[in-house]
Amino acid sequence: MLTLGWSHTPRGRLLLRRAVARVIRSALRLRSRALPRNAVTSVLVVAPHPDDEAFGCGGTVARLVRDGASAHVVFVTDGSASHPGHPSVTALDIAGRRRAEARVATGILGVDWDRVSFLDAPDGTLARLDGGHARAIEERIAGMLERLAPEVILMPCRRDGSTEHDAAFALVAGALQRAKLMPRIFEFPVWSCWNPLMLLRPMITCRRIWRVDLREVRDVKARAMASYSSQTDPIPPETSPALPLGFASLFLGREEFLFET
Ligand SMILES: [Zn+2]
């Protein structure tokens, strides 16, 4: 059988992944429309973990804020599970560090600190919450939705290749039912950028795909992403970062795509 020998190395797999991502992005450009300036006046970003907002939609948030939109960000989990078994850093340390990083990142994106909320659900548990805990989180999100009445919710794709992200989407759907609200939902890929074939489904089934040009905010997005050094840099004595090699580079393209069902 013909095999691409180099594709069995980490570097080879990354090259292959980037090539597939380039093809998918080209198709998305054809299928998408530019999000008009001033099309959104208020947005609530739901980030399952501290970093999803910067990587997944940091450019969109920065541009919306520049255009005068009000932006709130809610972090669902504490992000404490990114370094399991680390010999010198505890889950509590990681949660504290990621909260501090989130503070810096959201500030860089232009979101006021009093518009940033943390629900502090334990990282890694969203997909297996018991009914009571799930209800409690839904109620807190529903309370925010009622208070803020955002025109748009920005959150990771409903099938993003992460059980946590998929569960977060279900919690927001439950919260919307409780609040009896129907804002527009713009879904952004995070782990489905890393596994780009997953984007074929929303590319075909979504009613609209919006394209946000990042030219004027690309540096801002890059700086916000760089705030999350706990995820992008190894924490000694480990020699590999929590995020895979080359992950961040997939999010520094010239545009972000948002799926609206
Ligand atoms: Zn995440």
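The values are calculated or read from the model by the stated rules, or taken from the named source; none is laboratory data. Bear in mind the structure is a predicted one, so any value in this text is a computation, not a measurement. Note: ideal-geometry Cβ built from the backbone for every residue, glycine included; neighbour counts use all protein chains shown.
Considered as a group, the residues in the range 41-70 that are over 22 Å from residue 199 (Cβ atoms) and either modelled with pLDDT under 95 or touching a Lys or Arg at 6+ places or on another chain (Cβ under 8 Å) (or both) include one that is farthest from the ligand (Cβ to nearest atom), and that residue is 67.
Exactly one residue among 144, 155 is away from the ligand (no atom under 16 Å from the Cβ) and either under 16 Å from the mean Cα position of the chain (by Cα) or of a type in the set (A, V, I, L, M, F, W, C) (or both), and that residue is 144.
Residue count for the range 170-216 under the criterion of being crowded, with 19+ Cβ neighbours inside 10 Å and either within 15 Å of the ligand (Cβ to nearest atom) or among the small types (Gly, Ala, Ser) (or both): the result is 12.
Against the definition (touching a residue at least 60 places away in the same chain (Cβ under 8 Å), surrounded by fewer than 21 Cβ atoms within 10 Å (Cβ to Cβ) and not aromatic (Phe, Trp, Tyr)), how does residue 87 come out, yes or no? Considered against the rule, which asks whether it is touching a residue at least 60 places away in the same chain (Cβ under 8 Å), surrounded by fewer than 21 Cβ atoms within 10 Å (Cβ to Cβ) and not aromatic (Phe, Trp, Tyr), residue 87 comes out as yes.
Being touching a residue at least 60 places away in the same chain (Cβ under 8 Å), outside any helix (DSSP H, G or I), of a type outside the set (A, V, I, L, M, F, W, C) and buried (at least 24 other Cβ atoms within 10 Å of the Cβ) is the requirement here; does residue 72 meet it? Break it down stepwise before answering.
Working: touching a residue at least 60 places away in the same chain (Cβ under 8 Å): yes; outside any helix (DSSP H, G or I): yes; of a type outside the set (A, V, I, L, M, F, W, C): yes; buried (at least 24 other Cβ atoms within 10 Å of the Cβ): no.
Against the criterion (touching a residue at least 60 places away in the same chain (Cβ under 8 Å), outside any helix (DSSP H, G or I), of a type outside the set (A, V, I, L, M, F, W, C) and buried (at least 24 other Cβ atoms within 10 Å of the Cβ)), residue 72 does not qualify.
Of the residues 166, 120, 78, the single one that is touching a residue at least 24 places away in the same chain (Cβ under 8 Å) and on the phi > 0 side of the Ramachandran plot is 120.
Annotation: of all residues in the range 158-169 being surrounded by 15 or more Cβ atoms within 10 Å (Cβ to Cβ) and over 22 Å from residue 204 (Cβ atoms), the one that is nearest to the ligand (Cβ to nearest atom) is 164. Do we find a residue being within 22 Å of residue 61 (Cβ to Cβ) and part of a loop (DSSP other than H, G, I, E, B) anywhere in the range 232-239? Looking through the range 232-239, none of the residues is within 22 Å of residue 61 (Cβ to Cβ) and part of a loop (DSSP other than H, G, I, E, B).
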